[in-house]
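Input: a single structure, listed below in structure tokens.
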Amino acid sequence: DASPKLAILYYALLKRRREMELVRFTELKVLVKPKTGYVNLTKKVVEAVRKSGVRSGQVTVQTLHTTTALLLQEDEPGFIRDLQKRIAWIFPQHYKRRGKRRLEYYEHDDLKKRKNPQPDERRNGFAHCRVSLLSASVMLIVNRGRPVLGEWQQVLFFDCDPKGRPPRRLRLMVMGMP
């Protein structure tokens with residue numbers, strides 16, 4: 001009977017394939033200018049995939065900060081302004097009262113209500129709320145050694161609290177077959 005031999009061959013091939021799979025990690029550091037609030041990461045992601053040696057698989061990009069987000073979208077200035085304007089309208093940092101500009105109240109910023117706040121804690125409740133509308137990661141298919149993107153799709157990194165911040169950290173994981 002040939003079925004035990006086929007099963008042995010199948011499991012040997014499966015084991016060989018698992019041994020060939022690649023998993024590569026990369027860390028990116030990105031400085032976001034407060035004026036723009038975002039950076040296009042597409043070229044860096046394409047380069048990381050190229051360097052990984054993966055020809056077929058996937059790449060995941062993840063931010064390591066709670067006031068930053070990733071978006072797979074068109075990098076068009078009008079769209080970016082529209083998005084930032086609408087998110088700021090939903091979660092404003094300031095409001096005007098009797099002609100004076102005041103900070104909007106966010107319970108996150110009320111350090112008396114927080115457990116173990118850091119001594120240098122920033123008042124950035126607005127930023128935490130804003131990124132909750134976006135995503136902490138994006139995942140793309142890798143085909144022929146390149147991330148698969150639609151005609152206008154770009155990997156965009158948004159920092160909703162960029163003033164005075166050091167470069168932000170992101171992790172990329174590329175996995176698949178060489």
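Derivation of every value follows stated rules applied to the coordinates shown; laboratory data play no part. Note that the structure is a prediction, hence the values are computed from the model and not measured. Counting neighbours? That spans all protein chains shown, and the Cβs are built from the backbone with ideal geometry, glycine included.
Rounded to the nearest 500, what is the chain's calculated 222 nm mean residue ellipticity when only DSSP H runs of at least 4 contribute -39500 (n - 2.57) each, over all residues?
That calculation yields -9000 deg cm²/dmol at 222 nm.
Based on C-alpha coordinates, I'd like the Rg and Dmax of the chain, in Å.
Over the chain's Cα set, Rg and Dmax evaluate to 22.0, 89 Å.
Take the Cα pairs of region 77-178, get the Kirkwood Rh, then feed it into Stokes-Einstein at 25 °C and 0.890 mPa s and tell me D in µm²/s.
The calculation lands on 144 µm²/s.
Based only on Cα atoms, what Rg/Rh ratio does region 1-92 have, Rh being taken as Kirkwood's radius?
Result: Rg/Rh = 1.24.
Excluding same-chain residues fewer than 8 positions from residue 15, which lysines have a Cα within less than 21 Å of its Cα?
5
Taking the Cα centre of region 31-168 as origin, work out the dipole magnitude from +1 charges on Lys and Arg Cβ and -1 charges on Asp and Glu Cβ, in debye rounded to 20.
520
For residue 16 and residue 139, what does the FRET efficiency come to when R0 = 25 Å and r is the distance between their Cβ atoms, rounded to the nearest 0.05?
Once the sixth-power term is evaluated, E becomes 0.45.
Identify, among 124, 6, 155, the residue whose Cα sits farthest towards the positive end of the charge dipole of the chain, taking +1 on the Cβ of Lys and Arg and -1 on the Cβ of Asp and Glu, with the dipole about the Cα centre.
Looking along the dipole axis, the top candidate is 124.
Do any of 29/115; 35/100; 35/85 go past 18 Å between their Cα atoms, and which?
29/115; 35/100
Please identify which residues in region 109-124 have an amide N closer than 16 Å to a label point set 7 Å out from the Cα of residue 103, following the Cα→Cβ vector.
109-115, 117-124
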